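Here is the structure we will look at, set down as structure tokens.
The values are calculated or read from the model by the stated rules, or taken from the named source; none is laboratory data. The model shown is predicted, which means the values in this text are computed figures rather than measured ones. In this analysis, Cβ positions are derived from the backbone assuming ideal geometry, glycine residues included, and neighbour counts consider all displayed protein chains. Just the protein is used for accessible areas: all its heavy atoms, side chains included, with ligands, DNA and RNA removed. Shrake-Rupley method; radii C 1.70, N 1.55, O 1.52, S 1.80 Å.
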Number of protein chains: 2
Amino acid sequence: MSQSPSSQPAAAGGLRERNKREKLIRIRRAARQLFERKGFEGATAREICRRAGIGTGTLFLYVRDKRELLFLVFRDEARRLYREAASRVEDEMSLPVAMMCFFSAFIEFYARNPELSRVIAQELFFREHEPETMGALTLEFAGELAKLVEQEQRRARLRADVDTSTVVSACFAHYTFWVQCWLGAKMVSREEAERSLRQALELQLEGLSARGMRC
Amino acid sequence: MSQSPSSQPAAAGGLRERNKREKLIRIRRAARQLFERKGFEGATAREICRRAGIGTGTLFLYVRDKRELLFLVFRDEARRLYREAASRVEDEMSLPVAMMCFFSAFIEFYARNPELSRVIAQELFFREHEPETMGALTLEFAGELAKLVEQEQRRARLRADVDTSTVVSACFAHYTFWVQCWLGAKMVSREEAERSLRQALELQLEGLSARGMRC
DNA sequence: AACTAATACTGAACCTGTTCATAATTGATC
DNA sequence: GATCAATTATGAACAGGTTCAGTATTAGTT
């Protein structure tokens, strides 16, 4: 019950569903191509619709607004990115180095199209995400980082009296900060951002206090 | 030479200059009132122009785009905010507490109109600022924080082998992160953001490493 | 005061994201 | 297959930010 009526090809039955799914795919492809070719502002909603073979109004049955198209394009890519990054993490790596596997993967991706990435980052950090799509992605990413932290805690290389989530937040804060200095305010180059981020992660781990030093 | 021609009231001579200055003031007041009353999107450029007593095209001789109006409104306020905060800092305060004087002042301000502040923060962090206005303000703010850090370093309560600017960046990163979690992604309340920020600053100071602990 | 170059102002027109009344398509029922 | 309700698609119309060709104002010069 509550399955496909009777004898459909399993995946998803009706013509309705199939049409919608294919339309979404066409929209995603059209958006990706035009964003990459012309940037976010340069690609007009009308042109994306034309290329996707739909009416202008139809687009907004699939996304709330133009900016949401960014996520449609970005989502799969992002998941792929941190899956790859996770596989690159090795056991003997220190926490900052392991985390940099993840962060560098995204920085690398952003560097391929900084103008577009600026808008993506802006939306990522300033939008309320619906839990079932981007929200889930964020949690998944946070989960990957949490794994690294927990491992480090289990090995007693990290204070055990600090919540995992607190550590993850702190490290993520440095990441977002330097990405914004690079893509947003354009105060540093990509190399400087990456270097500063690595340094910030190391410093976060070591601490700033003069009390506990050198003992 | 290259001063006002001969016998002007010192400040700034010509009628042109005066008109322009007054127009800018009218624009700023109109923008502030309408932004506060109707929010950023709710206040149309045309209405701001009408209230400022200028033609619609004239607005864009004074600001590059509508979003720049936010800075026109925010700039004086921000300078006032951290001047006040600076006066509230006391000598015996720990670094995290002293820094929270500054950050809390801004958080307090943001809380008075979170919707508008969301857009302000977004622009603050994602825009290239012209050096003579917002860029200068940022530097000034960073300078205030740097003073606190230097003082702490002089008192040998802080590691001396880390650049002041590195410490400031790290702390500022936590600030922007939690502001964004609160205003942008709306993942935490104002209270949670403030509490998490304080905790992050303390943790940054203490460090995460298990090596140097309890000695 | 008259003339002129330079500067500042204007609002109609333009462009683009988004909405919505209307039309077309789908799937269920007989 | 015919009927019909529900869903989905459409593009003209709308709204708001921004531009620019034309107009007005200012300041310097005679």
Rounded to a whole number, the mean other protein chain Cβ count within 10 angstrom for residues of B:127-140 is 1
Expressed in angstrom and rounded, the centroid-to-centroid distance over alpha carbons for the range B:41-81 and the range A:50-121 is 34 Å
Distribution output for the range B:127-215: share of Cα-Cα pairs per 10 Å bin in percent, first bin at 0, values 15, 36, 35, 13, 1
Ignoring trypsin sites (Lys or Arg not before Pro) buried by more than 13 other Cβ within 10 Å or outside DSSP loops, the longest site-free run in chain B is B:65-154
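Per-residue ellipticity at 222 nm for the protein assembly as shown, helices alone: DSSP H runs ≥ 4 residues times -39500 (n - 2.57), over residue total, nearest 500 deg cm²/dmol?
The helix contribution divided over the protein assembly as shown gives -22000 deg cm²/dmol.
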Taking GluC sites (Glu not before Pro) as exposed when in a DSSP loop with at most 14 other Cβ atoms inside 10 Å, chain B has its longest clean stretch at B:1-89
Helix A:136-154 sits off the longest principal axis of the Cα atoms of chain A, rounded to the nearest 10 on a 0 to 90 degree scale, by 20 degrees
Measuring from its Cα centre, the range B:54-134 shows a charge dipole (+1 at each Lys and Arg Cβ, -1 at each Asp and Glu Cβ) which, in debye to the nearest 20, is 300 debye
Ranking A:THR58, A:TYR82, A:ALA121 by how far each Cα lies towards the positive end of the charge dipole of chain A (+1 on Lys and Arg Cβ, -1 on Asp and Glu Cβ), the top one is A:THR58
For the A:GLU90, B:ARG16 Cβ pair and Förster radius 60 Å, calculated FRET efficiency rounded to 0.05 is 0.35
If every Lys and Arg gets +1 and every Asp and Glu gets -1 at its Cβ, then about the Cα centre the protein assembly as shown yields a dipole, in debye to the nearest 20, of 1840 debye
Taking only the alpha-carbon positions of the range A:67-206 as identical scatterers, the Debye log10 I(q)/I(0) at q = 0.10, 0.13, 0.17, 0.19 Å⁻¹ comes out as -0.33, -0.56, -0.97, -1.20
Taking Cα atoms, the helix B:190-206 axis meets the longest principal axis of chain B at an angle in degrees (rounded to 10) of 50 degrees
For B:GLU17, inter-copy label-point distances (7 Å, Cα→Cβ), nm, shortest first, read 7.3
Mean separation of Cα contacts under 8 Å (at least 6 apart) over the residue count of chain A, i.e. the relative contact order in percent, is 16 percent
With +1 on the Cβ of every Lys and Arg and -1 on the Cβ of every Asp and Glu, the dipole magnitude of the range B:13-66 about its Cα centre, in debye rounded to the nearest 20, is 180 debye
For the range B:1-128, the per residue accessible area (1.4 Å probe, Å²) is 57 Å²
Simple SL model, points at 7 angstrom along Cα→Cβ for B:LYS38 and B:ALA156; separation in nm is 6.2 nm
Taking protein heavy atoms only, a 1.4 Å probe, and rounding to whole percent, the accessible area of chain A owed to carbon and sulfur comes out at 50 percent
Rounded to the nearest 10, the angle in degrees between the Cα long axis of helix B:164-179 and the longest principal axis of the Cα atoms of chain B comes to 70 degrees
Cα-Cα pairs in the range B:13-66 separated by more than 14 Å, as a whole percent of all pairs, come to 50 percent
Output row for A:THR56: copy-to-copy label distances, label 7 Å along Cα→C-beta, ascending, in nanometres, one decimal, is 1.8
The range B:36-136 -> Rg/Rh from Cα coords, Kirkwood Rh, value 1.05
With Rg from the Cα atoms and Rh as the Kirkwood inverse mean 1/r over Cα pairs, the protein assembly as shown has an Rg/Rh of 1.02
Buried accessible surface, A vs B, both sides, probe 1.4 Å, in Å² to 100, equals 3900 Å²
Per the 1/(1 + (r/R0)^6) rule, R0 = 30 Å and r from the Cβ atoms of A:ARG112 and A:LYS66, FRET efficiency to 0.05 is 0.90
